[in-house]
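**Student:** Could you have a look at this structure, given as structure tokens, before my questions?
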Amino acid sequence: MIEDAHRPHLQLARLLQLASPALPVGAYSYSQGLEAAIEAGIVKDAPTAQHWIEDVLELSVAGMEAPLVLRLCHAWRGSDDARAQHWNSLFLASRESAELRAETLQMGYSLVQLLTELGETHPFQSWDEVAFPTAFAFCAMRFGIEPRDALIAYLWAWAENQVIAALKAIPLGQSAGQRVLLALGPRLVEQADRAAALPDEGLGNMAPGLALLSANHETQYSRLFRS
């Protein structure tokens, strides 16, 4: 009975651990095209940073990455390895540039390595490539977290990393960064609900500006981030 009473709190603690910047997957080293947008003069202050992050969330993340996180959660909850591999392959195929593809593979690999080092069993030994959303969803289901909660935490971690990148590269003040995160909070919930309602045939991301800037970043002369 004591275990059952404490289970929701333990799940919350595990969810916070997954979404924490301290998770050793290297997220801090990526900006996902934001640094290139700053170099191009598109993002230059807090309002333009917030506008950029909101656009990427709506036009790219919410239409493909977010619904795939949900689908991966349901696949892992049902122990459907084949289905998880299907969504993993689709996500990798959707990456708009070499940098973005390399990013998700490096972060996925690091999370799988962490699982191994923590003594957690997982099915990834036989996989050639593991995207970060795939490994994240597996951990969330392993910890008994509800898929919608896992998605909101995933989106929060993504948004927080974008704001941290903006703090370093623009740069922004800490208070400005927190104001952006406060404004983004309701949008994350809205886009999670949108992702949950998308049918399989409705998946897609259409953000050509992000794709071009991400590709340009590969040859950018001076940069802080790997994407």
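Each reported figure results from applying straightforward, stated rules to the coordinates on display, with no laboratory input. Only a predicted model underlies this, so the values are computations on that prediction, with no experimental measurement involved. Note: ideal-geometry Cβ built from the backbone for every residue, glycine included; neighbour counts use all protein chains shown.
**Student:** What does the convex hull of the alpha-carbon atoms of region 4-59 project to on average, in nm²?
**Tutor:** 5.8 nm²
**Student:** Hey, another quick one. Can you tell me what percent of all Cα-Cα pairs in the chain are more than 32 Å apart?
**Tutor:** Looking at the chain, the distances longer than 32 Å represent 16 percent of pairs.
**Student:** How many angstrom separate the Cα center of region 62-126 from the Cα center of region 162-186?
**Tutor:** 27 Å
**Student:** On to the next question. To the nearest 10 degrees, how steeply does helix 81-93 sit against the main Cα axis of the chain, on a 0 to 90 scale?
**Tutor:** Approximately 10 degrees, to the nearest ten.
**Student:** Something else: Given a Förster radius of 41 Å and the C-beta distance between R83 and R179 as r, what FRET efficiency does 1/(1 + (r/R0)^6) yield to the nearest 0.05?
**Tutor:** After rounding to 0.05, the efficiency reads 0.55.
**Student:** Okay, moving on. Computed over the Cα atoms of region 122-202, what is the ratio Rg over Rh, Rh following Kirkwood?
**Tutor:** Rg/Rh: 1.06.
**Student:** Once every DSSP H run of n ≥ 4 in the chain is given -39500 (n - 2.57) and the sum is divided by its residues, what mean residue ellipticity at 222 nm do you get, rounded to the nearest 500 deg cm²/dmol?
**Tutor:** -21500 deg cm²/dmol, from helical runs alone.
**Student:** Further question: Which FRET efficiency, nearest 0.05, do L212 and A102 yield, Cβ-Cβ r, R0 22 Å?
**Tutor:** 0.80
**Student:** Could you give the semi-axes, largest first, of the ellipsoid that matches region 90-166, computed as the square roots of 5 times the alpha carbon gyration tensor eigenvalues and rounded to whole Å?
**Tutor:** After scaling each eigenvalue by five and taking roots: 20, 18, 12 Å.
**Student:** Another one. Going 7 Å from the Cα of L118 along its beta-carbon direction, which residues of region 79-109 have the amide nitrogen within less than 15 Å of the resulting point?
**Tutor:** So the set is 108-109.
**Student:** Continuing with the same structure: Between T48 and T219, how many nm apart are label points set 7 Å from Cα along the C-beta direction?
**Tutor:** 2.3 nm
**Student:** A follow-up question, please. Would you mind listing how long region 1-134 runs along its three principal axes, going by Cα atoms, in whole Å with the largest first?
**Tutor:** Each principal axis gives a Cα extent; for region 1-134 these are 55, 35, 27 Å.
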